[in-house]
1. Quick one: how many residues across region A:337-362 are crowded, with 17+ Cβ neighbours inside 10 Å and part of a loop (DSSP other than H, G, I, E, B)?
2. Which residues, taken from region A:140-171, are open to solvent by 30 Å² or more (accessible area, probe 1.4 Å) and more than 30 Å from A:Val389 (Cα to Cα)?
3. Given the structure, is A:Ala234 under 19 Å from B:Ser183 (Cβ atoms) and under 21 Å from the mean Cα position of the chain (by Cα)?
4. Would you please name the residue that is most open to solvent (accessible area, probe 1.4 Å), looking only at residues in region A:236-287 that are of a type in the set (Asp, Glu) and assigned to a helix (DSSP H, G or I)?
5. List pairs: first in region B:33-54 and in contact (Cβ under 8 Å) with a residue 12 or more places away in the chain, second not in a helix (DSSP H, G or I), Cβ under 6 Å, 6+ apart or cross-chain?
6. For region A:288-329, how many residues meet the condition of being among the hydrophobic types (A, V, I, L, M, F, W, C), in a helix (DSSP H, G or I) and farther than 18 Å from A:Tyr110 by Cβ?
7. If you check B:Phe290, B:Phe275, B:Phe261, which single one turns out to be more than 17 Å from the chain's Cα centre (by Cα) and closer than 18 Å to A:Asp78 by Cα?
Amino acid sequence: MKRRSIAKYAAVAAALSLGLTACGGGSGSGDAKAAGTVRVTLANHVWTEGIKAAIPEFEKESGLKVELTQLGEDQLSDQYNVKLNAGSDEIDVMMYRPLQEGKAFAKNGYLADLTSKVSGDANWDWKDYQEGPVKASTVDGKVVGVPIITEREVLYYRKDLLQAAGVEVPKTMDELQAAAQKISAANPDTAGFVARTGKSAAVTQFSSFLYSFGGDFIGADGKSAIGSDAAKKAYSFYGGLIKNYGPKNVSTDMSWPEAMAIFTQGKAAFYTEADSLYKNATDPAKSKVADKVGFAALPAGPAGSKPYNIPSWGLAVNKASGNQDNAWKFIQWATSKDRTLQAQKAGVPGPRASVWADPAGTSTYPKDLAEAIAASAKNGVGHDRPEVVTVGKAREIVGAPIVATITGSDASAAADSANDAFQKFLDSEKK
Amino acid sequence: MSVLNTSRGNTSRGAARGASRGTARTSGPQRNFSAWANRHRKWLFAAPAMIFVGVLIIFPLAWTLYLSLTDSQGSVRAATEFIGLQNYATVLADVDRFWPAVGRTLTFTGLALVCEVVLGMGIALLLWRPFRGEKWVRVAILLPLVATPVAVGMMWRLIFDPNIGFANQLLGMIGIPAQPWLSGQDTALGTTIFMDIWQWTPMVVLILLAGLTSLSEEPDEAARMDGANAFQRFFFITLPLMMPTVIVAILLRGIDALKTFDILYATKGKGGGSFHEVETLNVYAYGLSFDYNQYGLSSAVLILFFMIIIGTMWLLTMRKKAVS
């Protein structure tokens, strides 16, 4: 068995590394179970920083030793692709993105079934978890992950610029457009609106616009819906805002770090982004406009205000791990009510209803942000990207019209051609 | 160890005889092993290297070739079907991503290589003759070489940011309008080529400088006596003598440039940007593997890419032989 898994490991590494970056070799797995060790792989995130600081507590309580690997988002994905693909047992607990990788990982059999574990402990309380996050961590009726971080799209804005221009905080998309226009006209060096522009990166933030205009990526019939009138209007609106009132030399590669940088450098009036990133804008060490930032719920489109409300990260157990009980112990501790409250106070919106209901849970949040989150949690949509297996490819397809509109192409034509491509993609996934 | 001692200086048959005489009193199996080891010592000594090559080069290649003939996707452990050359047909018919990627790979390599060799030659000539502060200049020139390509990519990405980057602010100071650099569809590839030149010209300088310092000075002096000017001496004496070194530099740098990945990935991310503007074959294959999990297709791209590299290497090696 051991020899086979090494061969598989080598095979995958080989297949993926020809002419590419070399894959790191694995250290011998050892008998982690006997040694009382839990091997945990986490992404670079505020949540991880909090957990890292608290790990000694867990080690003391449980008598287990935690071996932590921490990686950037993309490197994390690549590690999983290589290690899980090879059936490696070197990872016990893994931080993963339920909406990005959940379906693919579950389909490939990488994730252990946690259904009986989550419902086995009334004290830990699985019922306390919000519905959207639970749905996203459940595949084919089996719970494969425990959500740890949730996100909703909110409107970040500059209080000073709005006041100077004499405009109210926009409640509808039309008001947002008018305000962006007015402010950018009055301040030539400041963009009226900024948001992500990268083909793939923008998809998640565009999704809330799509829903608020009455559309979705996939229709109720399971067919591509990005060629619908609602979707065309949403593409045209989102792309148009950036094209007409966005930063002067707008790049089509912006993910959140670039867009956030423009906003925090004081170069934009409005910015729509995930609420979980708010600390970047309000922390004086990172933001030039820390004391001037306001938050509001996503403005309402023709179909109302419908931001996504999703679990961006969860914890799962590697199915190939021989150390699943200890892995579960770690997850149980890391996602306990108390730890979730601590994380939430440190600025990480969590998935537990009881923590949101607790005044302490929102005590550290700006008041307007807490209100925006509460409103978004009510009417939020449970996904922010197409719910398919190969999410990466799907995002590139449905993101193409966003970029096309930003660069001045016709939104309608771009949506039509993306619609054909997306339908073909959906058909190929069904095979 | 006794095997090593007894075998020195003998032919393999003689060594075997010597070994069997020298170990007459040792037990049967040990004697047999010694005799066997002596007979096969050329294989025995080469074995570690052969295992290394086998495990790290031949096996991966063979496995990639195998994957390229299957419909492997999602997980490499999932059941796959042998589909012959279908992946190759798909890839070769792909005019949206594959062929543009081939074009970009060749453009990137060609332009970067020409600039690096010309610039590298110029700098090497400047550094050839001793001058004051030579050491400092050499250290300064070598600095880009020691930086990690990913870090280099990140650094230039910040400098070339269209809105808050240093490059545009600098241009603004002297009254030139902001340029799109990495964010422009037409300018992105050129900008990454510039970054490659910035980082790798020092390596070419090193190779060429080594070549220059090993040149005999006599032909150059003789030409000088005959009244040839610097230009003539370079083109008719130094350059022809340097040709083998230049081709080595082109060969080494060319293969490296062909498979450039980190700079492109660090600056433009998956897919080489929103319009695939810097997507070379390597970036494309990476995306197919890690983003789309289409291992069969990705392997086919890599095998084709491998053939391009082998072909280029072969052409350059032939050229080097002709020059030497």
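1. Selection size over region A:337-362: 5.
2. Selection gives A:Lys159, A:Asp160, A:Gln163, A:Ala164, A:Gly166, A:Val167, A:Glu168, A:Val169, A:Lys171.
3. no
4. If we filter region A:236-287 for residues that are of a type in the set (Asp, Glu), which is where we start, we get A:253, A:258, A:273, A:275, A:283.
The next check asks that each one be assigned to a helix (DSSP H, G or I); those that pass are A:258, A:275.
On the way: A:Glu258: 36, A:Asp275: 0 Å².
Out of the qualifying residues, it is A:Glu258.
5. B:Ser34/B:Thr23
6. First, pick out the residues of region A:288-329 that are among the hydrophobic types (A, V, I, L, M, F, W, C): A:289-290, A:293, A:295-298, A:300, A:303, A:310, A:313, A:315-317, A:320, A:327-328.
Then keep just the ones that are in a helix (DSSP H, G or I); that gives A:290, A:327-328.
In the following step, the residues that additionally are farther than 18 Å from A:Tyr110 by Cβ were identified as A:290.
Summing the residues that are among the hydrophobic types (A, V, I, L, M, F, W, C), in a helix (DSSP H, G or I) and farther than 18 Å from A:Tyr110 by Cβ in region A:288-329 gives 1.
7. Exactly one residue qualifies, and that residue is B:Phe290.
For every residue, the table says whether it meets (1) within 14 Å of chain A (Cβ to nearest Cβ); (2) closer than 20 Å to B:Ile255 by Cβ.
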| residue | (1), (2) |
| --- | --- |
| B:Arg132 | no, no |
| B:Leu145 | no, yes |
| B:Pro162 | yes, no |
| B:Pro177 | yes, no |
| B:Thr187 | yes, no |
| B:Met195 | no, yes |
| B:Val204 | no, yes |
| B:Thr213 | no, no |
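The values are calculated or read from the model by the stated rules, or taken from the named source; none is laboratory data. The structure displayed is predicted, hence computed values, not measured ones. Quick reminder, even Gly has a Cβ in these numbers, built from the backbone with ideal geometry, and neighbours come from all protein chains shown. All accessible areas refer to the heavy atoms of the entire protein, side chains included, with ligands and DNA or RNA removed. Shrake-Rupley method; radii C 1.70, N 1.55, O 1.52, S 1.80 Å.
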